[in-house]
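Step one of this worksheet: look at the structure below.
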Amino acid sequence: VHCGKRSSRELLRCSAARLAQSNFLSRRGNGILQHRGILQEGYNLCHEDKYDASANPSGIINMGTSENKLCDDLMSKRVSGAPLGFLRGGGWCCRAFLISSLSFSLSGVQLMQADMLHVEPALLQYPDWKGHRFLREEVARFLSHYCKSPMPLQADNVVVMNGCGSLFSCIAAVLCDPGDGMLIPTPFYGAITEDVQLYSGVRLVHAPLDCQVGPGHHRRPFQLRVEKLQEALEEATREGVTVRAVIVLNPHNPLGEIYSPQEVTDVLEFAKRHGLHAIVDEVYMLTVFDPSAEFRSVLGLSRLPDAQRTHVLWGISKDFAAAGMRVGTVYSHNKDLVAALDQMGFLHGVPGPTQHQVARLLRDREWMDRHFLPANLARLRAAHGYVAGELRDLGVPYLHRPAGFFIWADFRKYLPENTFQAEMALWRCFLKHKVLLSCGRAFWCSTPGWFRIVFSEREPSLRLGQRDISLSPCPCLRPSLSHSACDARVRRLLAQAAQSWLFEDEARFRFLTFDGVFVSFPTFLSLSQRV
């Protein structure tokens, strides 16, 4: 089916058409064809109608995919060999960097000579399927330093593959049999479902976390509690499911939560009591933009309850804004696991030249510590502050958390009913009006109405996308703009918002007036000025 450039509604129908049974595929193939996660559906729709200020100004603005686009200039110059010189463009990328109290000079800095472009003949040959030795050694040194490991980590315990998704898939294949389960608290990054299920037939056993604050030690929404893991494990056992592992995301996607060493240790102790492997995904470990927060890696603990069953994932997709390079790593003391992953590595290898580039990147501590990391965190902090401020002005509750590229926002009051059908309708409503968010169902959240908003977007696109959310013409949001709810404070807010934006394409937008009528932007602005 060829979709081409079509409206969001047509793209949704086009996506549904692909779900028809194919006579060319096996039952397994048809199962894979028909499996459509919400995150992947949104990504596909956005990819086919991607916003571009020049080429496609009416396209979908992507605030749903967790990618960091704030540091393209720094990474591209480091990888391509251009001098750093001065920071490209305007907006908070430059402003946040300049106000971040960095004392070094940028002028004339040549970060890369020819180190990234050098290609030895060996890089063009088949590698060690666990990853070239030079890369695994750099990964071990890098993790030893930034995870503050009490002892130097060893290259023999490192496996490199083309992304953490491949690692999840392969780890599930070697730890579980088809039909076995892996325990995971919800909400969680939903694509892990496909990672473990499509190839290996492994299911995720959900342990729903409460969005409401409860008595006793339950002081945070969605707080990680071992009791929830225990309940889910017991229920799975009653249903005849063999649970082999527990998965922990820290820092967490989509919550942005950083778990304390005690919280993580409690989960590791739980896993040890039940003979479970503990898979700890730390892919956002350097993406902690709040200077008052501290992340502690599992690899930095003085003692692991069960080192042979503890496996730590990390990659460059998030911390180095390099999702397209497809490099993920796992660190494990378990030699059998490492050997089994080695057997699968030829299916998920990383090209030799890319391994060389990543090794040079990880080795360059001066660039990381003096240039990239401070600038990246300053930009993330500024972007987070902007979106958080917009949500506060709109009266949308959210979790204020210190890590990641996203804000977990509570849109429950905008749902006409407390169902996931209503949540999906709101998601499609945003999508219809050209902004992609990720709804809670995509993360298997047990409560409808939560959305993940990605803020690590270039400033013009982020402001445009936030405007679409703030002044959404979605009927689902109409109750908040009705006569009964639209008091003077809301009227003033809308008037201020309408006058504060620069509209590059005014004819494209239609806004909902206080009387529930869709009007053009000039008409809306005129009405707003009379409030």
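Contour minus end-to-end for residue 365 and residue 400, with contour as 0.36 nm per residue of separation and end-to-end as the Cα-Cα distance?
Working: separation 35, 0.36 × 35 = 12.60 nm, distance 3.03 nm.
Extra length available between residue 365 and residue 400 comes to 9.6 nm.
Just how many pairs of Lys in the range 316-453 have C-alpha atoms closer than 28 Å, counting pairs that are eight or more places apart or on different chains? Can you show the working numbers first?
Working: 318/335; 318/434; 413/432; 413/434.
Value for the range 316-453: 4.
Need one number: nm distance between label points at residue 22 and residue 336, each 7 Å from Cα along Cα→Cβ, rounded to one decimal.
Placing both labels 7 Å beyond Cα along the Cβ direction yields 3.7 nm.
Taking R0 as 30 Å, what's the FRET efficiency between residue 274 and residue 35 from their Cβ-Cβ distance, rounded to 0.05?
Details: r = 29 Å, r/R0 = 0.97.
So, using R0 = 30 Å, E works out to roughly 0.55.
If you consider only alpha-carbon coordinates, what radius of gyration and Dmax does the range 204-348 have, in Å?
Final numbers for Rg and Dmax: 16.2, 51 Å.
When Rg is the radius of gyration of the Cα atoms in the range 318-397 and Rh is its Kirkwood radius, what does Rg/Rh come to?
On the way: Rg = 18.8 Å, Rh = 16.2 Å.
Using only Cα positions, Rg/Rh for the range 318-397 is 1.16.
So how far apart, in nm, are the two label points at residue 413 and residue 174 if each is 7 Å from Cα heading toward Cβ?
5.0 nm
Pull out the extension gain between residue 72 and residue 141, defined as 0.36 nm times the separation in residues minus the alpha carbon to alpha carbon distance; nm, one decimal. Let's see the in-between values first.
Numbers: separation 69, 0.36 × 69 = 24.84 nm, distance 2.53 nm.
Extra length available between residue 72 and residue 141 comes to 22.3 nm.
Where in the range 322-361 does the label zone of residue 117 land, with the point 7 angstrom along Cα→C-beta and an amide N cut-off under 18 Å?
353-358, 360-361
Taking a label point 7 Å from the Cα of residue 134 along the Cα→Cβ vector, which residues of the range 147-164 have an amide N closer than 13 Å to it?
Hits in the range 147-164 for residue 134 at 13 Å: none.
Given the peptides 28-40, 293-305, 169-181, 443-455, arrange them by the average over their residues of other C-beta atoms within 10 Å, most packed first. Before the final figure, lay out each step's value.
Values: 28-40: 14.8, 293-305: 16.3, 169-181: 19.8, 443-455: 23.7.
The peptides rank, most packed first, as 443-455, 169-181, 293-305, 28-40.
What does the extension gain come out to for residue 294 and residue 80, with contour length at 0.36 nm per residue minus their alpha carbon separation?
On the way: separation 214, 0.36 × 214 = 77.04 nm, distance 3.23 nm.
Length gained, residue 294 through residue 80: 73.8 nm.
What does the net charge come to around residue 257 if you take all other residues with beta carbon closer than 10 Å to its beta carbon, with K and R at +1 and D and E at -1?
Result for the local shell: +1.
Rounded to the nearest 0.05, what FRET efficiency do residue 308 and residue 392 give with R0 = 56 Å and r taken as the Cβ-Cβ distance? Could you check?
On the way: r = 47 Å, r/R0 = 0.84.
Taking R0 as 56 Å, the efficiency between residue 308 and residue 392 is 0.75.
What distance in nm lies between label points placed 7 Å from Cα along the C-beta direction at residue 347 and residue 263?
Result for the modelled spin labels: 3.4 nm.
Where does the charge balance sit around residue 244 when Lys and Arg score +1, Asp and Glu -1, over other residues with C-beta under 13 Å from its C-beta? Provide the component values of the computation, followed by the final result.
Values: positive: 203, 309; negative: 177, 180.
With Lys, Arg at +1 and Asp, Glu at -1, the net is 0.
Bear in mind these aren't lab numbers, they're just calculated from the coordinates by the rules spelled out. All values derive from a computational prediction rather than experimental measurement. No Cβ is skipped: glycine too gets one built from the backbone with ideal geometry, and neighbour counts run over all protein chains shown.
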